[in-house]
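Read the structure below first, then the notes.
Nothing in this text is a laboratory measurement; each read-out follows from the coordinates by a stated rule. Everything numeric here is computed off the predicted structure, so don't read it as measured data. Counting neighbours? That spans all protein chains shown, and the Cβs are built from the backbone with ideal geometry, glycine included.
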Amino acid sequence: MTVKRIELATESRLNEIFRPGDFLDCYTVAILPPDRPLPEILQYVLIEMPGWARTLMRLRDRIVGFFGIKTTKELPQNNSFRKSVAVGDHIGFMKIRSMSEQEIIVGEDDSHLNFRVSLRREPGEAGLVSLATLVHRHNLIGRLYLALIMPFHKLIVKSRLAAAARHFSEQG
């Protein structure tokens, strides 16, 4: 299951909120069967975190509280798998901001930064989905925070996409 870094599709709704200076990355992988519902894929990616990723999040939560940054425990959460989700619901600790047949955007806002994560089905590409992260940093703490978590962000995104591709191909 090869995860590749790509450019964000021009049709992505993240382009509507992107501003110069924002951080943006986008990765893609083929998930088969190609008609797997996006909410199901996104729930798997965000909820089924491996132990090492949960440990990193607990460490993050311990550190950021000292800087006035929200911990994941302070955010509404829903870690249950659901057949249907809607704008305003939470997947893990991320709130669904918008949904369409092609794209779901989740994210949160805080004093140091706002972030959005997009899961998008690429039209005409059987099974190809992309996961993009957009971060708008508000201040120095936001810039430092993003710089510190960046290696872990990339590792988690790539591993979750690869895991989703394996998981859904095994299910058939």
| request: May I ask you to sort 18, 115, 66 by Cβ crowding, counting other Cβ atoms within 10 Å and putting the fewest first? | output: 66, 18, 115
| remark: Two pseudo-spin positions, 7 Å from Cα along C-beta at residue 59 and at residue 152, lie apart in nanometres by 0.6 nm
| query | For segment 72-165, which GluC sites (Glu not before Pro) are in a loop by DSSP, counting at most 16 other Cβ atoms within 10 Å? | reply | 101, 125
| message | Under the rule a/c < 1.5 gives rounded, and otherwise a/b versus b/c splits prolate from oblate, where does segment 35-84 land using the Cα gyration tensor? | response | prolate
| said: Quick check: the distance between the Cα centres of segment 1-62 and segment 102-142, to the nearest angstrom? | reply: 7 Å
| request: Report, by chain and number, residues whose modeled amide H sits under 5 Å from the one on residue 95, excluding near sequence neighbours (fewer than 5 apart, same chain). | output: 107
| query | In the calculated pair distance distribution of the chain, what percentage of Cα-Cα distances lie above 29 Å? | reply | 15 percent
| message | Using only the alpha-carbon atoms, how far is helix 51-64 inclined from the longest principal axis of the chain? Give it as 0 to 90 degrees, nearest 10. | response | 30 degrees
| query | With θ set to phi - 60° and the Karplus curve 6.51 cos²θ - 1.76 cosθ + 1.60, what are the ³J(HN,Hα) couplings of segment 100-113 in order, to the nearest whole Hz, using x for Gly and Pro? | reply | 8, 4, 9, 7, 10, 10, 10, x, 9, 10, 8, 5, 9, 6
| Stretch gain in nm, segment residue 81-residue 7, where the contour uses 0.36 nm per residue and the Cα spacing is subtracted | 23.7 nm
| request: Mind checking the full-extension length gain between residue 125 and residue 19? Use 0.36 nm per residue of separation minus the Cα-Cα distance, one decimal, nm. | output: 35.4 nm
| message | How would 169, 100 line up from fewest to most surrounding beta-carbon atoms within 10 angstrom? | response | 100, 169
| Helix 38-47 sits at what angle to the longest principal axis of the chain, using alpha carbons and giving 0 to 90 degrees rounded to 10? | 40 degrees
| request: Among 98, 84, 12, rank each residue by its count of other Cβ atoms within 10 Å, from fewest to most, as a rough exposure measure. | output: 84, 98, 12
| request: Would you mind classifying segment 81-139 by shape? Square roots of the alpha carbon gyration tensor eigenvalues, ordered a ≥ b ≥ c; an a/c under 1.5 is rounded, otherwise it is prolate if a/b is larger than b/c and oblate if not. | output: oblate
